[in-house]
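The values are calculated or read from the model by the stated rules, or taken from the named source; none is laboratory data. Keep in mind that this is a model prediction, so the values were computed, not measured. Using ideal geometry, Cβ is built from the backbone for each residue, glycine included, and neighbour counts are taken over all protein chains shown.
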């Protein structure tokens, strides 16, 4: 592959990126009944456009994305007790725009399934590193996530996340930014 094709751009998503993100979401989770739809993305974008982060290729096409949102105390407690585990089930008022209480939820980390191998790992690592830097700057206290795939669960564990509860059949993970920065995976990203 030509080296120019490997150049990437990290940025906040634009409304026009949502269709491509929905396509990648469905391609990543074709057998999951709760995958996020274009309608979900549009609704959440109107609530908080800053929750969508993308990586684009040299042709400015979205090839990977992550969704991370600040959450309130009630949602934090519902995650820790296992009552809720997925952004699709969160009450809209719990998806915060400007209010920063130090609690965040990472809802999705997706890389276009047409990308594989080392390039896929590099893109996933870029997303994780960028988000964790942002959370560190915002003095996040706790970061939660509930990945549905074993690949996603292993990735979080590599970054120091620990299971705090279970909902249905999926674990709910939590970590502090300090623990992320102490993780071997984060240190490898920083090299």
> Can you spot a residue in the range 107-124 that is part of a loop (DSSP other than H, G, I, E, B), at pLDDT below 90, crowded, with 18+ Cβ neighbours inside 10 Å and touching a strand residue (DSSP E or B) at 6+ places or on another chain (Cβ under 7 Å)?
Replying inline: no
> Of the residues in the range 154-181, how many are under 17 Å from residue 126 (Cα atoms) and out of contact with any helix residue (DSSP H, G or I) (no Cβ under 6 Å at 6 or more places or on another chain)?
Replying inline: 5
> Residue check, residue 128 against (1) in contact with a strand residue (DSSP E or B) (Cβ under 9 Å, 6 or more places away or on another chain); (2) assigned to a helix (DSSP H, G or I); (3) in contact (Cβ under 8 Å) with a residue 60 or more places away in the chain; (4) more than 16 Å from residue 53 (Cα to Cα), all met but one. Which one?
Replying inline: (4)
> What residue, among those in the range 78-100 that are assigned to a loop (DSSP other than H, G, I, E, B) and without any contact (Cβ under 8 Å) to a residue 40 or more places away in the chain, is surrounded by the most Cβ atoms within 10 Å (Cβ to Cβ)?
Replying inline: 90
> Which residues, taken from the range 9-25, are buried (at least 16 other Cβ atoms within 10 Å of the Cβ) and either assigned to a helix (DSSP H, G or I) or modelled with pLDDT under 90 (or both)?
Replying inline: 17, 18, 20, 21, 22, 24, 25
>> For the condition touching a residue at least 40 places away in the same chain (Cβ under 8 Å), outside any loop (DSSP other than H, G, I, E, B) and touching a helix residue (DSSP H, G or I) at 6+ places or on another chain (Cβ under 6 Å), what is the one hit in 67, 63?
In response: 67
> Limited to the range 30-56, what total is found for residues that are surrounded by 18 or more Cβ atoms within 10 Å (Cβ to Cβ), outside any loop (DSSP other than H, G, I, E, B) and in contact with a strand residue (DSSP E or B) (Cβ under 7 Å, 6 or more places away or on another chain)?
Replying inline: 8
> Failed condition for residue 152, given (1) under 16 Å from the mean Cα position of the chain (by Cα); (2) in a strand (DSSP E or B), with all others met?
Replying inline: (2)
>> I'm checking my understanding of the structure. Among residues of the range 168-182 that are in contact with a strand residue (DSSP E or B) (Cβ under 9 Å, 6 or more places away or on another chain) and more than 16 Å from residue 152 (Cα to Cα), which one is modelled with the lowest pLDDT?
In response: 177
